[in-house]
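This report refers to the structure that appears directly beneath it.
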Amino acid sequence: MPAEHGNTRDLTQTSNADEDHPTWSPDGKTIAYTTDISGEQQIAVRPAEGGAEKILTHFERGSSTRRGGRQTQSGLHSRTTSIACGGCRWLVASLFRSHATCIPKSTITRGRPTGAGSHTASSAPNQQSGIWLYNTETRKASLVSDPRSNDFQPAFDPAGSTCSFISTRHENPTFSRTEFNIATLKMTGIYVATLKRGAASPFAPQSDEGVGEGRKDEKDRKDERKKEDRKPEPKPLEIDLDGLMARSVPMPIPPADISTFDVRDEKVSNSPAPAR
Amino acid sequence: MIEGPLPGEKPVLHVYDLKERKDEKVLEDLGSYALSADGKEGAL
């Protein structure tokens, strides 16, 4: 659908497939989506302007849900990304490089191998979702979540410096007035972990002390503005896995029922569901 | 009877600016949303 003028276009022109979860590649040239054209949900890519479909996966029991879309965005410029898939296995992919790998179940050593999605909900002994990262070069899968945490929907930021995710870490027990039950409402928040050890936290304390704007001349300010306007170049991710979750901090937003979010440049969008 | 959202509860689209460290309510009463590749446009 053109953003301003023009008609809606049927990109895939199929009448016999359930196609869903579309997402753009960062350069806007390719669209990834799920399709069951082969009988099971698979992940496919197609030129955004139209063209042949390329199915990247061949799951026997289909793939997982929305996470595929968001993670494929990271896939273009990262070597480490992850997507949940059916059959309690992992797909890890740099999809826009047309490179996808399934990790056999046997390589998953503990916890629930999922970045999100509900397909693997019953596979973990404690029913908690954890974030795994898989390095497509070393072919090594690493669980970075604490097994006690319920973390899901990981997403790298476009600059490749942080990994954000949703986690149900807020405890908001609400007592019923009519029975001895407790409901936990609005448990989720968005958390941000810096990928490199020693990197500044996005929510580190700030101080204006000793920073006099008046001491900068106009040239310095222009240089700063140019630097801020420059888009970061895509580069392979570098991740210090040790202590990754210890570096995660909550985004300062109220607890809510967040099921999905998007990271674009320095903007994180989310739409919490109302309490029911 | 359990029926729909609690009174006063509405789905709201929030955008948090990591640079400015500010959360902004962009839109109320939406279903789902999707962003364009550059994040400048959205479909509701």
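Rule-based calculations on the coordinates, nothing more; no lab input. Because the structure is predicted, anything quoted here is derived from the model rather than measured. Here Cβ is always computed from backbone atoms with ideal geometry, including for glycine, and neighbour counts include all displayed protein chains.
The separation of region A:125-187 from region A:1-62, counted between C-alpha centres, amounts to 28 Å.
For chain B, a/c is not less than 1.5, where a ≥ b ≥ c are the root eigenvalues of the C-alpha gyration tensor, and a/b does not top b/c. That puts it in the oblate class.
Using +1 at the Cβ of each Lys and Arg and -1 at the Cβ of each Asp and Glu in chain B, identify which of B:33, B:15, B:44 lies farthest towards the dipole's positive end. Looking along the dipole axis, the top candidate is B:15.
Counting only other chain Cβ atoms within 10 Å of each residue's Cβ, the peptide A:256-264 averages 3.
With the cut-off at 23 Å, tell me which of the pairs A:186/B:40; A:140/B:19; A:29/B:19; A:140/A:196; A:29/A:54 have Cα atoms farther apart than that. From the list (A:186/B:40; A:140/B:19; A:29/B:19; A:140/A:196; A:29/A:54), the Cα-Cα distance tops 23 Å for A:186/B:40; A:140/B:19; A:29/B:19. Database remark: amide H of residue B:41 closer than 5 angstrom to the amide H of B:36 (H placed geometrically; neighbours at sequence offset of 5 or more, or on other chains; Pro and chain starts carry no H). Listed values for region A:243-251 are Karplus-derived 3J(HN,Hα) couplings in whole Hz (6.51 cos²θ - 1.76 cosθ + 1.60, θ = phi - 60°), namely x, 4, 6, 5, 8, 7, 10, x, 5, and x replaces Gly and Pro. For the segment B:14-26, counting C-beta atoms of other chains within 10 Å of every residue's C-beta and taking the mean gives 5.
Backbone phi angles across region B:14-26, fed through the Karplus curve with coefficients 6.51, -1.76 and 1.60 (θ = phi - 60°), yield HN-Hα couplings of 9, 10, 9, 8, 5, 6, 7, 6, 10, 9, 10, 7, 9 Hz in residue order; Gly and Pro are listed as x. Remark: mean inter-chain Cβ contacts per residue of A:244-254 equal 1, using a 10 Å Cβ-Cβ cutoff to other protein chain atoms.
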